[in-house]
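These notes are about the structure you will find just below.
The values are calculated or read from the model by the stated rules, or taken from the named source; none is laboratory data. Computed from a predicted structure; not experimentally measured. Counting neighbours? That spans all protein chains shown, and the Cβs are built from the backbone with ideal geometry, glycine included.
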């Protein structure tokens, strides 16, 4: 009786460790698929999809998106798209991305974008100096982002 309880316990432990490993692999595969889809969206011609993809790539801190977001920050004709790219780069916190934000503080042709980049870069400097500091989240409707004649604030966000 005691031997069968020990055997069942060992089998249960093996089954649990296998299930945990399988669950972690599944999460990793889902994350990879999600990230890949967002990267595809970032290359889309649909500007709404592009902005959403950029925002969520920042949320998941996708280092793979850094170069694409830097291109978006430097070459997009829409200042709202450049602002979302800067926000995503700030969240990812890669050295190259932060350097691109620093350059945008001086050279972007839109005053609001320059101001936001200054905020992001200054927060980056604080984060580097003092370690991670929890700051009040940026409410996206206050960024005054406009697309197609509509502002995000029109939708009550």
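Data for the structure
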{"item": "Options 58, 97: the member that is crowded, with 18+ Cβ neighbours inside 10 Å, free of Cβ contacts under 8 Å to residues at least 60 places away in the same chain, within 22 Å of residue 122 (Cβ to Cβ) and under 11 Å from the mean Cα position of the chain (by Cα)", "result": "58"}
{"item": "Flag for residue 148 being at pLDDT below 95 and surrounded by 11 or more Cβ atoms within 10 Å (Cβ to Cβ)", "result": "no"}
